[in-house]
Amino acid sequence: MTLKKKVVLFILKKIKIMKKEKFDNIQAYGLNKNEKKFFFESKLKNLIKYHYKKSKQYRKILNYFNYDLNNKKLEKMPFLPTQLFKEIDLISVKKNEVIKTLMSSGTSGTNPSKIYLDKDNSYNQIVVLSKIISSILGPKRLPMLIIDKNPMNLKRNMFNARVAAINGFSIFGLDHTFLLKDQDVENIDYEKLKLFLKRNGDKPFFIFGFTSNVYKFLIEKFNHNSEPFDFSNGILLHGGGWKKMEDKKIGNKTFKDLLKKKLNLKNIFNYYGLVEQTGSIFLECKKCSCFRTSVFSDVLIRDKHFNILKNGKKGLIQLFSLLPSSYPGHSILTEDLGEIVEGKECECSSKGKRFKVYGRSKKSEIRGCSDTI
């Protein structure tokens, strides 16, 4: 038997095992490029067929474009623009099976995206998110400092995506402590922070916050002249809010440098993710500052005519995820600009496709599919 045949049989054997084990027994970064391609495209093809059968709206869209359900190539698999989730209800389960509805924050004057989750979809989100987060936090829950106020005191109709993110990441923490005063969202509760660091500051602890909040309260407003606060054992996970940072002319490197200088905080991880694919987030590599795909996700870049762009070319980001099963959010075209990074691999040797995100497209409303409904 030739070496090539041995490799192919090895890959097929791995895929066969994974089909039986589901997501619980699959590592987030456990496959190389060829293994990932076989595994991911097979699973995604089955997911497209599933949503075609279960979602009336999704079936209409694919029929309108005469999509071939037997297609096996990632580049030719159909996508839905994120704008569509703001305009129509996309769901692949019975309404009485929905246990949770997530809503994006949305910009002023626009409808939020509505994402319908059943029990299985919600469970898989937690399982996969746990695998991804454990790559930076380790296997155990850590004491958690949240750069916000208690979500129980937030107006849910205004901050659904924010509440969902806080609650979602809180499952990886313990001794949850909110930095802001409950009755005064603009003020830091220094006494509560001091007690938290006294209990937990001598060992690794988890910090979570939206990027603009982290900048506002840990850099702009934070005052430790009266006594020093040491965040050297902190592991910060932050995401979103970069539009406000761009307005302040604060880039990613400057953001990290300021946190290190002011709080001695060095372990900082930016993440990228959308409510349309909750649970399937992309973590930033500390060394190359690129986002990385996991076994459960992938990315392509398209131009304004929706053609696939080569690596190194900037365009609209298309995201894939194996998690959405209660709604057809497995392949979405975002309103964000990015590029897939080519060239020499990062020394971190982390498996997965590398890409960068440059923010929202100026003409970000991508339409087309809604006309077929």
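Rounded to the nearest whole Å², what accessible area per residue is found for the range 53-98 with the 1.4 Å probe?
Normalised by residue count, the accessible surface of the range 53-98 is 60 Å².
Given a 1.4 Å probe and heavy atoms of the protein chains only, how would you sort Phe210, Phe306, Phe40, largest accessible area at the top?
In descending accessible area the options line up as Phe306, Phe210, Phe40.
Could you check how many percent of all C-alpha pairs in the range 217-316 are farther apart than 18 Å? Please list the in-between numbers first.
On the way: 2986 of 4950 pairs.
Roughly 60 percent, rounded to a whole number.
Would you mind checking Lys95/Lys362; Lys49/Lys353; Lys54/Lys76; Lys49/Lys310; Lys36/Lys286; Lys33/Lys262 for any pair whose Cα atoms are more than 30 angstrom apart?
Working: Lys95/Lys362 36 Å; Lys49/Lys353 25 Å; Lys54/Lys76 21 Å; Lys49/Lys310 28 Å; Lys36/Lys286 23 Å; Lys33/Lys262 40 Å.
Violating the 30 Å Cα-Cα cut-off are Lys95/Lys362; Lys33/Lys262.
For an R0 of 22 angstrom, estimate the FRET efficiency from the Cβ-Cβ distance between Lys181 and Asp202 and round to the nearest 0.05.
In this case the efficiency is close to 0.30.
Can you check what the net charge comes to around Arg59, using other residues whose Cβ is under 15 Å from the Cβ of Arg59 (Lys, Arg +1; Asp, Glu -1)?
Residues close to Arg59 contribute a combined charge of +3.
Per-residue HN-Hα couplings for the range 122-129, Karplus 6.51 cos²θ - 1.76 cosθ + 1.60 at θ = phi - 60°, whole Hz, x for Gly and Pro?
4, 5, 4, 4, 5, 4, 5, 4
Placing unit charges on C-beta atoms (Lys and Arg positive, Asp and Glu negative, everything else neutral), compute the dipole magnitude of the range 254-340 about its Cα centre in debye, rounded to 20.
It comes to approximately 600 debye.
Please report the net charge: other residues with Cβ closer than 10 Å to the Cβ of Phe210, K and R +1, D and E -1.
+2
Roughly speaking, what is the stretch gain from Tyr123 to Tyr29, that is 0.36 nm per residue apart minus the C-alpha to C-alpha distance, in nm to one decimal?
31.9 nm
With +1 on the Cβ of every Lys and Arg and -1 on the Cβ of every Asp and Glu, and nothing else charged, how large is the dipole of the range 176-289 about its Cα centre, in debye rounded to the nearest 20?
About 460 debye.
If you place +1 on the Cβ of every Lys and Arg and -1 on the Cβ of every Asp and Glu, how big does the dipole about the Cα centre of the range 294-364 come out, in debye to the nearest 20? Could the numbers behind the result be given before it?
Numbers: 13 positive and 8 negative charges, 57 e Å.
Its charge dipole is roughly 280 debye.
With a sphere of radius 12 Å drawn around the Cβ of Phe172, what net charge do the other residues whose Cβ falls strictly inside it have (Lys, Arg +1; Asp, Glu -1)?
Summing Lys/Arg as +1 and Asp/Glu as -1 gives +3.
What nm distance separates the two modelled labels at Asn150 and Lys53, each placed 7 Å from Cα along Cα→Cβ?
Between Asn150 and Lys53, the simple spin-label model gives 4.7 nm.
The values are calculated or read from the model by the stated rules, or taken from the named source; none is laboratory data. The model shown is predicted, which means the values in this text are computed figures rather than measured ones. For neighbour counting, all protein chains shown are included, and Cβ atoms are generated from backbone atoms with ideal geometry for every residue, glycine included. What goes into the accessible areas is simple: the full protein's heavy atoms, side chains included, and nothing from ligands, DNA or RNA. Shrake-Rupley method; radii C 1.70, N 1.55, O 1.52, S 1.80 Å.
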